[in-house]
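Worksheet: the structure to be examined is printed underneath.
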Amino acid sequence: MAESRLSGAVEFAKMLAAGGFRLDPLQAAPSIEDVRQLARKRLPTMAFDIIDGASNHETTLEANSRDLAKVTFRPRWLTDISRIDTSTTVDGMALQRPYVLGPLGLQRMIGGEGEMGAVRAAGKANIPFTISTASNWAMEELAEQATGPLWYQLYMYKSATIVSNLISRAKAIGAEALVVTVDVPLNGKRYRDHRNGMSIPPKITPRNAVQAIRHLDWTRAIMRPPTIGFRNLAGEIQGDNAVSHQEFVSKYLANLSLTWEDIEDVRRQWDGPIYIKGILTPEDALRAAKAGADGIYVSNHGGRQLDSSPSTISALPSIVDAVDGRMTVVFDSGIRTGDDIAKALAVGADLVSIGRAWGYGNAAYGERGVRHVIDILDGELELAMGQLGATSIAALDRSFVQYPEAWHGAGLHREPEPAEVTEEFTP
């Protein structure tokens, strides 16, 4: 009996040794949700909610994920899937994957290197990284770290001079595409940030003071120079500290008179692809085309602006139908898995933009965390395509999915836009 127990223990020990010991929490995180939980543990609530939160009651944030789950697959078995090609070409740009890393601002507020590690991770994966106007490093500083393609996200500030300067600088760093965000005429009200005392710099409350002490690595990181602010606006604004930056943006840069004519002006200044980010209706998609845009982002800003906006996946079919292949459609908001990417592409998007997902990776482990997120999405996308029987991005179409017919506009109670909106569109 003793021998059998001893031999059993020996065999069990051999099995453990063969499997090896896994002490790295990141390697034990197989999904974006697991990475999200790692970020939650590392950050004080105030900093985590910058990434995780949304506007008001977060109805749209929840709808983005809930409605993606309503899209179900229709696989085709007994298909040769020995080779799966995830590459694609969009507006003359050859991409290894059908997705890009979208713009996320204020990344130094999560500690660490902010956007620096993320741009390096994107370069190593040869995936486009979209620099945000609200990044905490200047676009030139990020370009120095970049080894892959760069895109630039532009906010249409009140000052035409500042906008023109930002466009010129984006050209100078070699940005391949311009992503013009139009869904922030006013900043959304975010209850989490208000409760947390979130500002630049943070307001001190008893709760976040205690959390800052409990998360000393984060506290030390955000205290390192340079002062956290909007460095893309350095030299354009008064003062040199984060408080004056924030005040200047709200008082002088918010553009309440922005119209489609301003987009036409940007078109005259930029020779490469222009994408309009924040489109949720077929009518605005057609207006973007008329203004000279090469494509649109079907996006609700991740639920961070107008709460009770439709989920982006529910808005996607009618927009794809309206543009009818005459301009690029990028899907944004709600992507958490490779399955989600496959769903958006099958419904009709040409490309997908990843936002919060890489932010979670950056918050959890910096450059290595972002790279892990890319690896997760790559693996899940290829797995989904293989199980579906779709061996290329071009093969993914609506025959592989099913979703509510109402998303095409059927049965929805709404007043349509005037007929001339569609009549004035010319491809």
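The values are calculated or read from the model by the stated rules, or taken from the named source; none is laboratory data. Just so it is clear, the structure is predicted and the values come from calculations on it, not from any experiment. Using ideal geometry, Cβ is built from the backbone for each residue, glycine included, and neighbour counts are taken over all protein chains shown. In case anyone asks, the SASA skips ligands and DNA or RNA and just uses the protein heavy atoms, side chains included. Shrake-Rupley method; radii C 1.70, N 1.55, O 1.52, S 1.80 Å.
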Going through Lys70/Lys124; Lys41/Lys251; Lys189/Lys343; Lys171/Lys290 one by one, the pairs whose alpha carbons sit over 27 Å apart turn out to be Lys70/Lys124; Lys41/Lys251; Lys189/Lys343
Using the heavy atoms of the protein chains alone and a 1.4 angstrom probe, what is the accessible area of segment 144-188 per residue in square angstrom?
42 Å²
Just how large is the dipole of segment 67-147 about the Cα centre, in debye to the nearest 20, putting +1 at every Lys and Arg Cβ and -1 at every Asp and Glu Cβ?
480 debye
Quantify, in whole percent, the carbon and sulfur part of the accessible surface of segment 123-196 (1.4 Å probe; protein heavy atoms only).
50 percent
Whole Å is fine, so just give me how far the alpha carbon centre of segment 250-308 lies from that of segment 108-169.
19 Å
Please check: in the Gaussian network model of the chain (C-alpha springs, under 10 Å), which one of Ser309, Ser55, Ser250 has the largest mean-square fluctuation.
Ser250
From the square roots a ≥ b ≥ c of the eigenvalues of the alpha-carbon gyration tensor of segment 288-427, which class results: rounded (a/c under 1.5), prolate (a/b over b/c), or oblate?
prolate
So, with a 1.4 angstrom probe, what is the percent of accessible area on segment 272-405 that is carbon and sulfur?
47 percent
Using alpha-carbon positions, the gyration tensor of the chain gives root eigenvalues a ≥ b ≥ c; with a/c under 1.5 called rounded, otherwise prolate if a/b exceeds b/c, else oblate, the class is oblate
Determine the relative contact order of the chain: mean sequence separation of Cα pairs under 8 Å and six or more apart, normalised by residue count, in whole percent.
25 percent
Residue among Val352, Met223, Val298 farthest towards the positive dipole end of the chain, charges placed on Cβ:
Met223
Compute the FRET efficiency between Thr259 and Asp375 as 1/(1 + (r/R0)^6), taking r as their Cβ-Cβ distance and R0 = 41 Å, and round to the nearest 0.05.
0.45
Answer rounded, prolate or oblate for segment 60-112, using the Cα gyration tensor with square roots of eigenvalues a ≥ b ≥ c: rounded when a/c is under 1.5, else prolate when a/b is larger than b/c, else oblate.
oblate
Surrounding net charge for Arg36, when Lys and Arg each add one and Asp and Glu each subtract one, Cβ distance under 13 Å:
+1
Per residue, how much accessible area does segment 66-124 show when a 1.4 Å probe rolls over the protein heavy atoms, in square angstrom?
47 Å²
Kyte-Doolittle mean at least -1.0, axial Cα span of 20 Å or more - DSSP H helices of the chain:
2-19, 356-388
Can you tell me the accessible area per residue over segment 307-379, all protein chains present, probe 1.4 angstrom, in square angstrom?
23 Å²
Nearby aspartates and glutamates by direct alpha-carbon distance to Lys158 (threshold 19 angstrom, same-chain neighbours under 8 apart not counted):
Asp183, Glu236, Glu247, Glu261, Asp262, Glu264, Asp265
In debye, nearest 20, what is the charge dipole magnitude of the chain about its Cα centre with +1 on Lys and Arg Cβ and -1 on Asp and Glu Cβ, if you could check?
1680 debye
Net charge contributed by nearby residues that have their C-beta within less than 13 Å of Met223 (K/R +1, D/E -1)
+2
